[in-house]
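Inspection log for the structure reproduced underneath, given as C-alpha cells.
The values are calculated or read from the model by the stated rules, or taken from the named source; none is laboratory data. What you see is a predicted model; the values in this text were computed from it and never measured. In this analysis, Cβ positions are derived from the backbone assuming ideal geometry, glycine residues included, and neighbour counts consider all displayed protein chains.
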Amino acid sequence: MGVNQRDIFMRQSNLFSKTIKEIPKEETSINAQLLIKAGYIDKLQAGVYSFLPLGHRVHEKVKNVIREEMNAVHGQEIYMPALHPKAPWAKTGRWESETEVMFQFVGRGDKDLGLGWTHEEVVTPLGKKFIQSYKDLPKAVYQIQDKFRNERRAKSGLLRGREFSMKDLYSFHISEEDLSRYYDDVLGAYERIFKRLGLDALLVEASGGAFSKYSHEFQVVTKYGEDIIFVCEKCGRNQNKEIIEENACPGCGAKREEKKAIEVGNIFKLKTRYSDAFDFKVQDKDGTLKEVHMGCYGIGPSRVMGTIVEVSHDDNGVIWPKEVTPYQVHLLALSGKEGDTIKEIADETYELFKKEGLEVLYDDRDSVSPGEKFADADLYGMHIRVVVGKKSMGSGDPHVEVTRRDGAGLDFVDKQGRASSADAAVKIKEYYR
C-alpha cells in the first residue's frame, strides 16, 4: 500500500494522537469536525493543519493511488521548489496579476520571492532545458507537493486551505492533436483514481479561460458542496454554474438539475500560453521551429481526503473506503470477567494478522471500557473491524467478530458475523488484494 513497513503494526496504547471531545467552534464543516475529533489532523491556524499519524497514513494512501495512475499514463515524478523568484512570474505577467493569491515577500539581498500556488512558471523553463526536438516529445512530469494560497477566507477544513497538498501533472506536445490525445488519457486516469478512492466524481465542463472553450472539472455531488453544477441525467453532459447560460443541456436539450458539489480535480489544455511566454520551441521533422503545446492536470490529495469524509460518514464518525483506510484492520480486545482470556485470544489474533502482513491497529488499552472502545472505533472509521469479546470464548479455535464499517457483508463470516482468528487473517488478506 506504499506505507512504511515499520508503521504497519500499531498498538493503540502507543498511538501518538487521541480522540478529543472539544473541537474549535469555528470549524463548521463535517470533514474538519470529524478529522480533528478523531485525531487525524490538528489545526495550527485558519487553513493550516498538521497531519497526525492516522491522518498522515490516509493522506499518503491517497497520494499513492494518484501516483500509481499517473505512472500508468507515463507521468514521470519530479519535485519542484515551493520558494520561487519573481523573474519567471514576471515573464508571464502573473507576479502583478495574482497578488491576491500568491504569498509574496522580500528575502535577503532585497530579492522578491513568492510561495508557489501553482507551477507553470517553474515547469515550463524546466521543460525547455531538456526538450529541444520533436523526438523528445511527448513528455509528462508530475509532482505531489504542498502549495500555498493566500485565501481571503480559509474555511471548510481540508477543502479550502492556505497550505494544502497538490498533485500537478504537466504535459508537453508537438501539436494540439497530440495534446488532445493525452488529455483524454489523463481524463480516463482521473476516472480510475476517483473510483478507487470511493468517490462518484462527475465530469463537468468549466471555463477554459484564455486557453480553450472548456476545461474539465471532476465534481462530487453532496449537500455539503460549495460549487453549483448542472447535471444532465439523460446524456451526461454536465456544466458548472460559471459557464451555464440556460437550464437546458447543450448536448441533448433536456432540462438539467442544479446540485451542490465539491471539486476534486481539474484538467486544462494550456496550449501555448506558457511556452510562448518562455519562447519554448522545438525543431520539427522538417527543421522548422514549432511551439510546444502544454496541458495541466491537478488533484489535491488533502482536498480529496476531506471530500471522502464529507460524503462517507455517519453520526458516529468517519467511514473510510478500502483503498485509503488508515489501517486495514482495527482489532478490539473487550475486557470483562473473562479479561485475561480475551486478552490472550486478542494477542494471538494480533500475531496471526501480523504474520499475514496485514496493517493492524490493535486497541489493547486496559483501562478503557468496551463502550469507549466502540465509540473510538466508530469515530476512526477503519474499513474492517475485528472484535475479541465474550463471543470469542469457547472450545476449539478462537473466534472473532468481523464487520465492515460501512455495514456491507463479508462472505467469510457465519450468521453471527464470526470467523476463526486463523481464517479471518487469511480471508482479510485476500480481501485486500
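Structural remarks
- Scanning region 162-197 for residues that are part of a loop (DSSP other than H, G, I, E, B), in contact with a helix residue (DSSP H, G or I) (Cβ under 7 Å, 6 or more places away or on another chain) and within 23 Å of MET305 (Cα to Cα) yields a count of 1.
- Any hit, region 277-297, residues being at pLDDT 95 or above and under 30 Å from THR325 (Cα atoms): yes
- Region 311-341, residues that are buried (at least 23 other Cβ atoms within 10 Å of the Cβ) and either within 16 Å of TYR40 (Cβ to Cβ) or without any contact (Cβ under 8 Å) to a residue 40 or more places away in the chain (or both): VAL318, TRP320, VAL324, THR325, PRO326, TYR327, HIS330
- As for region 380-396, it holds at least one residue that is under 19 Å from LYS18 (Cβ atoms), in a helix (DSSP H, G or I) and in contact with a strand residue (DSSP E or B) (Cβ under 9 Å, 6 or more places away or on another chain).
- Of all residues in region 247-259, none satisfies being in a strand (DSSP E or B), under 25 Å from the mean Cα position of the chain (by Cα) and either buried (at least 18 other Cβ atoms within 10 Å of the Cβ) or not assigned by TED's automatic domain parsing to the domain that holds HIS173 (or both).
- Across region 37-56, the qualifying residues are those that are touching an Asp or Glu at 6+ places or on another chain (Cβ under 7 Å) and either surrounded by fewer than 15 Cβ atoms within 10 Å (Cβ to Cβ) or in contact (Cβ under 8 Å) with a residue 60 or more places away in the chain (or both), and the one among them that is farthest from GLU359 (Cα to Cα) is GLY47.
- Test: residue in region 110-119 that is outside any loop (DSSP other than H, G, I, E, B), closer than 19 Å to THR272 by Cβ and in contact (Cβ under 8 Å) with a residue 12 or more places away in the chain: no
- Looking only at region 70-104, and only at residues there that are in contact with a Phe, Trp or Tyr (Cβ under 8 Å, 6 or more places away or on another chain) and among the charged types (D, E, K, R), the one that is farthest from CYS296 (Cα to Cα): LYS86
- Hits in region 281-316 - residues which are small (Gly, Ala, Ser) and either within 13 Å of the chain's Cα centre (by Cα) or closer than 30 Å to GLN33 by Cα (or both): GLY298, GLY300, SER302, GLY306, SER312
- For the condition exposed (fewer than 14 other Cβ atoms within 10 Å of the Cβ), free of Cβ contacts under 8 Å to residues at least 60 places away in the same chain and more than 26 Å from CYS296 (Cβ to Cβ), LYS223 qualifies.
- Taking the criterion of being surrounded by 15 or more Cβ atoms within 10 Å (Cβ to Cβ), out of contact with any helix residue (DSSP H, G or I) (no Cβ under 7 Å at 6 or more places or on another chain) and either without any contact (Cβ under 8 Å) to a residue 40 or more places away in the chain or not in a loop (DSSP other than H, G, I, E, B) (or both), the residues of region 122-135 that qualify are VAL123, LEU126, GLY127, LYS128, TYR134.
- Of all residue pairs spaced 6 or more apart or on separate chains, those with beta-carbon atoms under 8 Å, a first member in region 80-91 that is in contact (Cβ under 8 Å) with a residue 24 or more places away in the chain and a second member that is of a type in the set (Lys, Arg) and assigned to a strand (DSSP E or B) are ALA82/LYS147.
- Check on ARG303, under 20 Å from TYR142 (Cα atoms) and among the basic types (Lys, Arg): yes
- From the options ASP376, ASP366, ASP340, residue that is more than 16 Å from VAL402 (Cβ to Cβ), part of a helix (DSSP H, G or I), modelled with pLDDT under 95 and of a type outside the set (Val, Ile, Thr): ASP340
- Residue within region 9-31 that is assigned to a loop (DSSP other than H, G, I, E, B), crowded, with 19+ Cβ neighbours inside 10 Å, without any contact (Cβ under 8 Å) to a residue 40 or more places away in the chain and out of contact with any Cys (no Cβ under 9 Å at 6 or more places or on another chain) present: no
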